[in-house]
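Participant: I am attaching a structure below and will ask some questions about it afterwards.
The values are calculated or read from the model by the stated rules, or taken from the named source; none is laboratory data. In this text, all values refer to a predicted model and were calculated from it rather than measured experimentally. Cβ sites come from the backbone with ideal geometry, for glycine too, and all protein chains shown count toward neighbours. Accessible surface areas use protein heavy atoms only, side chains included; no ligands, DNA or RNA. Shrake-Rupley method; radii C 1.70, N 1.55, O 1.52, S 1.80 Å.
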Amino acid sequence: MESRGHKGAAPIKAIKVKTVNRETIIIQLTMLILAVATIYGFLTFDYKDVVIGEAFLKSLDSLKTMLLEPHLQHVGFGEAIYQVFVTMGLGFLTTLFGAVIALFLGLLAARNLSTPFASALIRGVVAFIRAVPTVLWVLIFSVAAGLGSVAAVIGMTFHSVGYLIKAYSEAFEELDKGVIEALRASGANWWQIVFQAVLPSCATYLISWTFLRFEINFSVAVAMGAAAGAGGIGYDMFMASGFYYEMREVGAITYFILAIAILLEMFALRIKRNMKTH
């Protein structure tokens, strides 16, 4: 907003004043309390015989050894490649199972395609599923199935369903209401609306969200290999770090995982680019 005084005078710009409301004060006080508590914790923590400076330098030295001197010792190159594919298989299975289940439940969770009661019920259950970490779901199912790949697949699929239902339902709700109303007015039933309008319009979003979840499941499968005995490259990393204390092998396995993650990202970008051109 500008105002002019005498002719030829420079315009006077309005000064924006940032208002301080209750929410801003609460956030600032919370951040201040957390900062004070963190500093107090560092100053009063009982480090016993640990020398912080020396521990920091040794950590840097271990990090340098891990990243600059990678070497496979207890696992061969071929075996490492095989275990990486085992981990990818765990991620792929959980993503596939989760996507199939979430596709149908996501349609029921979308407000423009379902009843208010069904949508609210599914969204409430999904919010609870997402609130519980994946590793906890794996441990819960391991009580019945035992530690291993079965419990890992079930637990990861459970969390994937909760994640993808939210993503899919929000994509479905972005569809123009006029299209749905036009199909209903022409006599189309629910399934015809889904297959003729909803899925074709949202295909790009569904593939993007599904592939994003696959990348997440791959990284989770690495952790589950160590935490739940699911096997794969995560178990080899756990053995190298927690049993053999071989930092060079940890570094080599880390580079294997990083290479796969980069390849997955490149593949995802290529799929998105091809879908935009068609």
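Participant: In whole Hz, with x marking every Gly and Pro, tabulate ³J(HN,Hα) for region 194-202 from phi via Karplus 6.51 cos²θ - 1.76 cosθ + 1.60, θ = phi - 60°.
Facilitator: Karplus values, whole Hz, x for Gly and Pro: 5, 7, 9, 10, 5, 5, x, 6, 9.
Participant: Further question: What does the accessible area per residue of region 93-232 come to in Å², with a 1.4 Å probe and no ligands, DNA or RNA counted?
Facilitator: On the way: 6610 Å² over 140 residues.
Accessible area per residue, region 93-232: 47 Å².
Participant: If packing is taken as the average number of other Cβ atoms within 10 Å across a peptide's residues, how do 209-215, 160-166 rank, most packed first?
Facilitator: Details: 209-215: 19.4, 160-166: 23.7.
The densest-packed peptide leads the list: 160-166, 209-215.
Participant: Which distance in nm do the two modelled labels at residue 207 and residue 274 give, with both placed 7 Å along the Cα-to-Cβ direction?
Facilitator: Between residue 207 and residue 274, the simple spin-label model gives 0.7 nm.
Participant: Separate question: For region 229-245, just list the computed ³J(HN,Hα) in residue order, Karplus coefficients 6.51, -1.76 and 1.60, θ = phi - 60°, integers in Hz, with x standing in for Gly and Pro.
Facilitator: Karplus-based 3J(HN,Hα) across region 229-245 equals x, 7, x, x, 5, x, 5, 5, 5, 4, 5, 5, 8, x, 10, 8, 6 Hz.
Participant: Spelling out what I want: for every residue of region 35-42, take phi, set θ = phi - 60°, compute 6.51 cos²θ - 1.76 cosθ + 1.60 (Karplus), and round to whole Hz; glycine and proline get x.
Facilitator: 5, 5, 5, 5, 5, 4, x, 5
Participant: Roughly how many percent of the accessible protein surface of the chain is carbon and sulfur, given a 1.4 Å probe and a whole-percent answer? Don't skip to the end; give the middle numbers.
Facilitator: Numbers: 12360 of 17850 Å².
Heavy-atom surface of the chain belonging to carbon and sulfur, 1.4 Å probe: 69 percent.
Participant: What is region 218-268 by shape, rounded, prolate or oblate, if you read a ≥ b ≥ c off the alpha carbon gyration tensor as root eigenvalues and call it rounded for a/c under 1.5, prolate for a/b larger than b/c, and oblate otherwise?
Facilitator: Numbers: a/c = 3.93, a/b = 1.49, b/c = 2.64.
Verdict is oblate for region 218-268.
Participant: If you don't mind, there's one more thing I want to ask. In the full protein assembly as shown, how much of residue 61 is accessible to a 1.4 Å probe, in Å² to the nearest 10?
Facilitator: 80
Participant: Please work out the FRET efficiency for the pair residue 263 and residue 79, using the Cβ-Cβ distance as r and a Förster radius of 22 Å; give the result to the nearest 0.05.
Facilitator: Working: r = 19 Å, r/R0 = 0.88.
It comes to 0.70.
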